[in-house]
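Everything below concerns the one structure shown next.
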Amino acid sequence: MTDDFKTLPGGKETILIVDDHETIWDFLIEALQRLGYSVLLAENGLDAVEIYRENPHEIDLVLLDMVMPKLGGHQTFYKIKAIDPDAKILLSSGYVSEEEVNDLLTQGAKGFLPKPHRISVMATEVRRILDEK
(Lines give C-alpha, C1' and ligand atoms only; values in the text may rest on other atoms or scores of the structure.)
Protein backbone atom coordinates (compact mmCIF):
# COMPACT_ATOMS: atom_id res chain seq x y z
CA MET A 1 0.00 0.00 0.00
CA THR A 2 1.34 3.38 -0.95
CA ASP A 3 1.01 7.05 -0.12
CA ASP A 4 -1.91 7.20 -2.56
CA PHE A 5 -4.10 7.01 0.54
CA LYS A 6 -3.64 10.75 0.99
CA THR A 7 -5.74 11.38 -2.12
CA LEU A 8 -8.55 8.96 -1.20
CA PRO A 9 -11.67 9.95 0.74
CA GLY A 10 -11.69 8.71 4.33
CA GLY A 11 -13.61 9.29 7.53
CA LYS A 12 -14.04 8.50 11.21
CA GLU A 13 -17.10 6.24 10.99
CA THR A 14 -17.30 2.60 12.07
CA ILE A 15 -17.49 -0.09 9.40
CA LEU A 16 -18.41 -3.73 9.99
CA ILE A 17 -16.63 -6.04 7.55
CA VAL A 18 -18.40 -9.36 7.03
CA ASP A 19 -16.18 -11.79 5.14
CA ASP A 20 -14.96 -15.34 5.65
CA HIS A 21 -11.61 -14.96 3.86
CA GLU A 22 -8.70 -13.86 6.03
CA THR A 23 -6.68 -12.41 3.15
CA ILE A 24 -9.62 -10.21 2.16
CA TRP A 25 -10.44 -8.99 5.64
CA ASP A 26 -6.73 -8.29 6.36
CA PHE A 27 -6.59 -6.14 3.23
CA LEU A 28 -9.89 -4.36 4.00
CA ILE A 29 -9.06 -3.71 7.65
CA GLU A 30 -5.66 -2.22 6.81
CA ALA A 31 -7.04 -0.10 3.96
CA LEU A 32 -10.03 1.22 5.91
CA GLN A 33 -7.98 1.95 9.03
CA ARG A 34 -5.43 3.86 6.95
CA LEU A 35 -8.36 5.92 5.65
CA GLY A 36 -9.28 6.77 9.26
CA TYR A 37 -12.23 4.42 9.83
CA SER A 38 -12.82 2.21 12.87
CA VAL A 39 -13.31 -1.38 11.76
CA LEU A 40 -15.18 -4.34 13.27
CA LEU A 41 -14.93 -7.84 11.81
CA ALA A 42 -17.41 -10.69 11.50
CA GLU A 43 -16.17 -13.92 9.91
CA ASN A 44 -19.68 -15.07 8.98
CA GLY A 45 -23.27 -13.88 8.80
CA LEU A 46 -24.25 -15.20 12.23
CA ASP A 47 -21.46 -13.21 13.88
CA ALA A 48 -22.38 -10.14 11.83
CA VAL A 49 -25.99 -10.19 13.01
CA GLU A 50 -24.87 -10.61 16.63
CA ILE A 51 -22.30 -7.79 16.40
CA TYR A 52 -24.86 -5.50 14.76
CA ARG A 53 -27.47 -6.34 17.41
CA GLU A 54 -24.98 -5.55 20.20
CA ASN A 55 -23.86 -2.24 18.61
CA PRO A 56 -27.05 -0.93 16.98
CA HIS A 57 -26.15 2.75 16.72
CA GLU A 58 -22.38 2.44 16.49
CA ILE A 59 -22.02 0.81 13.07
CA ASP A 60 -22.27 3.29 10.20
CA LEU A 61 -21.78 0.85 7.31
CA VAL A 62 -21.75 -2.91 6.76
CA LEU A 63 -19.49 -4.25 4.00
CA LEU A 64 -21.18 -7.60 3.39
CA ASP A 65 -19.72 -10.53 1.48
CA MET A 66 -22.48 -12.44 -0.31
CA VAL A 67 -21.04 -15.97 -0.14
CA MET A 68 -20.21 -17.27 3.35
CA PRO A 69 -20.67 -20.35 5.53
CA LYS A 70 -23.21 -20.51 8.39
CA LEU A 71 -25.35 -17.63 7.11
CA GLY A 72 -25.00 -16.26 3.59
CA GLY A 73 -25.09 -12.62 2.57
CA HIS A 74 -28.74 -12.70 1.49
CA GLN A 75 -30.04 -13.91 4.86
CA THR A 76 -27.57 -11.72 6.77
CA PHE A 77 -28.81 -8.67 4.85
CA TYR A 78 -32.43 -9.31 5.86
CA LYS A 79 -31.56 -10.05 9.51
CA ILE A 80 -29.56 -6.81 9.85
CA LYS A 81 -32.36 -4.85 8.14
CA ALA A 82 -34.82 -6.39 10.63
CA ILE A 83 -32.69 -5.00 13.48
CA ASP A 84 -32.23 -1.61 11.79
CA PRO A 85 -34.27 -0.79 8.66
CA ASP A 86 -31.92 2.17 8.04
CA ALA A 87 -28.73 0.08 8.11
CA LYS A 88 -26.34 1.04 5.30
CA ILE A 89 -25.18 -2.17 3.66
CA LEU A 90 -22.66 -2.38 0.81
CA LEU A 91 -22.63 -5.78 -0.89
CA SER A 92 -19.41 -7.45 -2.02
CA SER A 93 -18.64 -10.64 -3.90
CA GLY A 94 -16.72 -12.26 -6.67
CA TYR A 95 -19.18 -15.12 -7.13
CA VAL A 96 -22.74 -13.88 -7.13
CA SER A 97 -25.37 -13.53 -9.83
CA GLU A 98 -26.50 -10.13 -11.04
CA GLU A 99 -30.04 -11.22 -10.16
CA GLU A 100 -29.11 -11.79 -6.48
CA VAL A 101 -27.37 -8.42 -6.28
CA ASN A 102 -30.24 -6.58 -7.97
CA ASP A 103 -32.72 -8.23 -5.60
CA LEU A 104 -30.91 -6.83 -2.56
CA LEU A 105 -30.36 -3.44 -4.22
CA THR A 106 -34.13 -3.14 -4.66
CA GLN A 107 -34.53 -4.10 -0.98
CA GLY A 108 -32.29 -1.26 0.19
CA ALA A 109 -28.66 -2.31 -0.26
CA LYS A 110 -26.62 0.79 -1.01
CA GLY A 111 -24.31 -0.63 -3.66
CA PHE A 112 -22.20 -3.53 -4.86
CA LEU A 113 -18.40 -3.91 -4.92
CA PRO A 114 -17.07 -6.71 -7.11
CA LYS A 115 -14.04 -8.65 -5.88
CA PRO A 116 -11.13 -8.31 -6.10
CA HIS A 117 -11.41 -4.94 -4.36
CA ARG A 118 -9.65 -1.86 -5.68
CA ILE A 119 -8.81 0.54 -2.89
CA SER A 120 -9.78 3.67 -4.85
CA VAL A 121 -13.17 2.25 -5.86
CA MET A 122 -13.88 0.95 -2.37
CA ALA A 123 -12.89 4.23 -0.66
CA THR A 124 -15.05 6.28 -3.02
CA GLU A 125 -18.05 3.97 -2.71
CA VAL A 126 -17.83 3.79 1.11
CA ARG A 127 -17.67 7.58 1.35
CA ARG A 128 -20.57 8.02 -1.11
CA ILE A 129 -22.82 5.75 0.98
CA LEU A 130 -21.80 7.28 4.31
CA ASP A 131 -22.52 10.78 2.96
CA GLU A 132 -26.06 9.82 1.85
CA LYS A 133 -28.80 11.38 3.94
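Points to keep in mind about this one:
- Residue match in the stretch 53-67 (condition: under 13 Å from Ser92 (Cβ atoms), at pLDDT below 95 and out of contact with any Asp or Glu (no Cβ under 6 Å at 6 or more places or on another chain)): yes
- Residues satisfying the stated conditions in the stretch 46-73, i.e. assigned to a helix (DSSP H, G or I) and either among the hydroxyl-bearing types (Ser, Thr, Tyr) or over 11 Å from the mean Cα position of the chain (by Cα) (or both): Leu46, Asp47, Val49, Glu50, Ile51, Tyr52, Arg53, Glu54
- Taken over the stretch 49-93, residues that are closer than 16 Å to Glu13 by Cα and in contact with a Gly (Cβ under 7 Å, 6 or more places away or on another chain) amount to 1.
- When the residues of the stretch 74-91 are filtered to those that are of a type in the set (D, E, K, R) and outside any helix (DSSP H, G or I), the one that is surrounded by the fewest Cβ atoms within 10 Å (Cβ to Cβ) is Asp86.
- Per-region count, the stretch 92-129, residues outside any loop (DSSP other than H, G, I, E, B) and among the aromatic types (Phe, Trp, Tyr): 1
- Scanning the stretch 6-45 for residues that are more than 16 Å from Asp84 (Cα to Cα), part of a helix (DSSP H, G or I) and free of Cβ contacts under 8 Å to residues at least 60 places away in the same chain yields Lys6, Thr7, Glu22, Thr23, Trp25, Asp26, Ile29, Glu30, Gln33, Arg34.
The values are calculated or read from the model by the stated rules, or taken from the named source; none is laboratory data. None of the values given here were measured: they were computed from a predicted structure. All Cβ positions, glycine included, derive from the backbone under ideal geometry; neighbour counts span all protein chains shown.
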